[in-house]
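The values are calculated or read from the model by the stated rules, or taken from the named source; none is laboratory data. Only a predicted model underlies this, so the values are computations on that prediction, with no experimental measurement involved. Because the Cβ atoms are built from the backbone with ideal geometry, glycine has one as well, and the counts that use them run over all protein chains shown. Ligands, DNA and RNA are excluded from the accessible area calculation, which covers all protein heavy atoms including side chains. Shrake-Rupley method; radii C 1.70, N 1.55, O 1.52, S 1.80 Å.
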Amino acid sequence: MTPEPRRTAYIETYGCQMNVSDSELMLGTLAAAGYDAAERPDGADVILVNTCAIREHAEQRVIGRLGELKRYMGRDTIVGVTGCMAQRLGPRLLESARHVSLVIGPDGYRALPELIDGARRGQRVTATEFDLEEHYEDFTPRRFDRVKAWIPVQRGCDYRCTYCIVPTTRGPERSRRLADVVRETEAIVSEGMTEAVLLGQTVNSYHDGAHDFADLLRAVGTVPGLRRLRFTSPHPNDFPDRVIRAMAEVPSVCEHVHLPMQSGSTAVLRRMLRRYTREGFLDCVARLRAAIPGLALTTDVIVGFPGETEADFADTLSAVEAEGFDDAFRFKFSAREGTPATRMPASESVPDEVAGDRLERLIATVRSGARGRNMALLGARREVLVEREARRGEAMMARTRDFKTVLVPAKTARPGEYLLVELTGTTGSTFTGAPVRERAALPLAG
Ligand code: SAH
Ligand code: SF4
Ligand code: F3S
């Protein structure tokens with residue numbers, strides 16, 4: 001008797017690193033249930049789309065893609081929608097997309113294999129309960145990236161920024177136990193990985209009941225064999241000196257912080273319910289820079305939030321200039337159903353052309369600041385970790401500790417390898433680098 005062929009599952013991931021990490025967990029639990037990972041949707045027995053709800057545009061992409069995926073479906077293919085949009089829309093998704101039989105929110109992945117079996121028997125199911133104990137502790141993730149490991153340390157969010165859908169889609173904040181995070185870090189090191197990225201929506205508010213984020217950085221950062229530790233995204237209000245000291249003192253913690261500012265105007269920040277002022281943000285950056293020499297900073301900025309005036313936007317531009325961000329993700333405000341920002345008076349909404357114009361001016365300001373700083377780095381030497389083949393050309397993509405992208409010649413580099421390079425050129429945002437051989441100490445003439 002020939003054994004039954006293993007089934008295959010394909011996952012397409014949208015949104016943030018938390019979703020990437022969740023997809024790795026889903027593929028892990030599916031592997032344990034007898035599925036092989038498929039690289040492409042055609043021919044897969046199960047197709048999952050792990051979705052993002054952060055902006056309307058993100059959802060529209062998924063709706064379009066769900067329609068396209070129909071063409072890859074065989075007679076028995078199961079299509080499921082998971083993640084934040086699944087949580088947000090729930091049964092509405094089943095009604096609007098007849099070829100979808102599963103809608104599963106971020107806390108429902110434990111039941112994935114059974115839910116797929118049910119779908120095969122014809123059931124169409126929504127699973128969107130939050131489970132405040134759920135960290136998928138017993139899952140073994142099947143990682144996409146072999147060089148750096150995404151390690152979730154916190155799920156959900158207890159902030160209530162007025163524009164943001166995440167508290168609705170991911171539920172209340174909860175932290176994993178420190179010992180479990182350390183165990184996962186030891187596991188990735190034993191698999192040959194040397195960089196870990198700790199994940200949480202406000203990752204530095206981490207608290208497992210006994211340990212805070214400073215304890216976590218010290219414990220994870222000193223796992224033998226781990227060379228680089230990063231985290232994303234921290235909230236400016238959760239950087240007590242204890243945490244900054246741990247960042248400065250643990251050698252593996254990299255000199256880069258992605259610190260979302262959102263706006264440089266205190267009035268806008270107040271309406272966003274970010275819980276800090278312009279000065280509070282500047283002070284946080286000053287404390288980080290004072291403790292960590294050579295710190296690189298990146299950020300997120302939203303333009304066109306309801307009520308944002310030209311003067312408010314000028315405050316954002318001046319903060320971007322003053323902070324010297326190395327890069328910024330820039331977003332046009334997108335109204336999300338059910339969030340407090342949608343209840344602000346219509347007269348306050350910023351016309352799309354105005355928001356678009358501000359976005360362009362913001363992009364120009366960010367680019368010119370980054371270009372100046374990057375030009376000044378030409379000739380400097382940096383240690384890079386080689387990540388993967390570059391999208392174009394005969395080069396490998398590598399990163400410095402301060403998160404600069406460096407292209408190095410393919411023949412000198414393998415993924416996972418550390419090289420010392422000289423930064424020889426820059427586009428303004430990314431670099432090219434030439435490996436340098438550190439001069440071996442000459443034997444003393446005797
Ligand atoms: N938890 C993270 C951010 C998660 S969302 C934090 O608080 O820093 C990633 C980014 O998307 C946010 O920083 C914000 O800049 C942007 N964003 C979130 N909601 C948005 C909305 N409704 N419209 C436009 N941008 C939004
Ligand atoms: Fe959203 Fe604010 Fe929570 Fe970040 S901190 S996920 S922006 S509510
Ligand atoms: Fe998107 Fe959900 Fe992440 S809304 S940004 S995938 S937490």
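Give the residue, chosen from A341, A364, that is open to solvent by less than 40 Å² (accessible area, probe 1.4 Å), outside any strand (DSSP E or B) and under 30 Å from C161 (Cβ atoms). Just one listed residue meets the conditions, A341. Of the residues in segment 92-106, at least one is within 16 Å of ligand 3 (Cβ to nearest atom) and touching a Phe, Trp or Tyr at 6+ places or on another chain (Cβ under 9 Å). Annotation: L273 fulfils all but one of (1) in contact (Cβ under 8 Å) with a residue 60 or more places away in the chain; (2) under 20 Å from I165 (Cβ atoms); (3) surrounded by 18 or more Cβ atoms within 10 Å (Cβ to Cβ); the unmet one is (3).
Taking helices (runs of 4 or more DSSP H) that fall entirely within segment 20-103, which contain at least 2 residues that are within 16 Å of ligand 2 (Cβ to nearest atom) and in contact with a Ser or Thr (Cβ under 7 Å, 6 or more places away or on another chain)? Even if it seems obvious, please write down each step before you answer.
Values: elements: 56-69, 84-89, 91-96.
It comes to 84-89.
Of the numbered criteria (1) within 17 Å of the chain's Cα centre (by Cα); (2) more than 16 Å from ligand 3 (Cβ to nearest atom); (3) among the polar types (S, T, N, Q), the one T140 fails is (1). Selection of segment 4-53 for residues being touching a helix residue (DSSP H, G or I) at 6+ places or on another chain (Cβ under 7 Å), among the small types (G, A, S) and more than 16 Å from ligand 3 (Cβ to nearest atom) yields A9, A33, A37.
Condition check ((1) more than 23 Å from S23 (Cβ to Cβ); (2) in the same structural domain as D283 (by TED's automatic domain parsing); (3) within 16 Å of ligand 2 (Cβ to nearest atom)) across all residues:
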site	(1), (2), (3)
A187	no, yes, no
V197	no, yes, no
T202	no, yes, yes
A210	yes, yes, no
D215	yes, yes, no
R218	yes, yes, no
E255	yes, yes, no
L269	yes, yes, yes
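Could you please find all residues in segment 212-265 being open to solvent by 20 Å² or more (accessible area, probe 1.4 Å) and part of a loop (DSSP other than H, G, I, E, B)? Matches in segment 212-265: T222, P224, G225, R227, S233, P240, P251, E255.
From the list T77, T13, T29, T82, the one residue that fits, being polar (S, T, N, Q), within 16 Å of ligand 1 (Cβ to nearest atom) and touching a residue at least 12 places away in the same chain (Cβ under 8 Å), is T13. Number of residues in segment 156-169 that are near ligand 2 (Cβ under 8 Å from one of its atoms) and not acidic (D, E) equals 9.
What do you reckon, is E12 open to solvent by 20 Å² or more (accessible area, probe 1.4 Å), in a strand (DSSP E or B) and farther than 23 Å from G122 by Cβ?
yes
Any residue that is surrounded by fewer than 19 Cβ atoms within 10 Å (Cβ to Cβ), within 24 Å of L229 (Cα to Cα), away from ligand 2 (no atom under 16 Å from the Cβ) and in contact (Cβ under 8 Å) with a residue 24 or more places away in the chain - is there at least one of those in segment 131-138? Yes, that holds for at least one residue. You will find that of R177, R146, the residue that is away from ligand 1 (no atom under 15 Å from the Cβ), basic (K, R), open to solvent by 30 Å² or more (accessible area, probe 1.4 Å) and at pLDDT 95 or above is R177 and no other.
Of all residues being hydrophobic (A, V, I, L, M, F, W, C) and within 11 Å of ligand 1 (Cβ to nearest atom) in segment 180-210, which is nearest to G15 (Cα to Cα)? Just the residue, please. Let's see the steps before the verdict.
Pass one, segment 180-210, residues hydrophobic (A, V, I, L, M, F, W, C): 181-182, 187-189, 193, 196-199, 203, 210.
When the remaining residues are screened for being within 11 Å of ligand 1 (Cβ to nearest atom), the result is 199, 203.
Values: L199: 13, V203: 17 Å.
This residue is L199.
If you go through segment 324-338 and keep only what is within 15 Å of ligand 1 (Cβ to nearest atom) and open to solvent by less than 20 Å² (accessible area, probe 1.4 Å), you end up with F325, A328, R336.
When segment 283-314 is filtered for residues that are over 19 Å from P240 (Cα atoms) and either open to solvent by 60 Å² or more (accessible area, probe 1.4 Å) or assigned to a loop (DSSP other than H, G, I, E, B) (or both), the ones remaining, listed by number, are G294, G304, F305, P306, G307, E308, T309, E310, A311.
Tell me which residues, restricted to segment 415-433, are open to solvent by less than 20 Å² (accessible area, probe 1.4 Å) and modelled with pLDDT of 95 or more. Please lay out each step first, then the result.
Just the residues of segment 415-433 that are open to solvent by less than 20 Å² (accessible area, probe 1.4 Å), to begin with: 421, 423, 425, 428, 431, 433.
Scanning segment 415-433 gives V421, L423, G425, F431, G433.
Of the residues examined, V153 is one that is assigned by TED's automatic domain parsing to the domain that holds C254, away from ligand 2 (no atom under 14 Å from the Cβ) and crowded, with 17+ Cβ neighbours inside 10 Å. Looking across segment 335-380, the residues that are within 16 Å of ligand 2 (Cβ to nearest atom) and small (G, A, S) come down to A335, G338, A341. Each residue in segment 299-332 was checked for being farther than 29 Å from N374 by Cβ and either of a type in the set (S, T, Y) or in contact with a strand residue (DSSP E or B) (Cβ under 7 Å, 6 or more places away or on another chain) (or both), and 1 pass. Only one of the numbered conditions (1) within 16 Å of ligand 3 (Cβ to nearest atom); (2) not in a loop (DSSP other than H, G, I, E, B) is violated by V268, and that is (1).
For the structure I just gave you, tell me whether R399 is within 23 Å of G192 (Cα to Cα), in a strand (DSSP E or B) and either in the same structural domain as T365 (by TED's automatic domain parsing) or basic (K, R) (or both). In short, yes.
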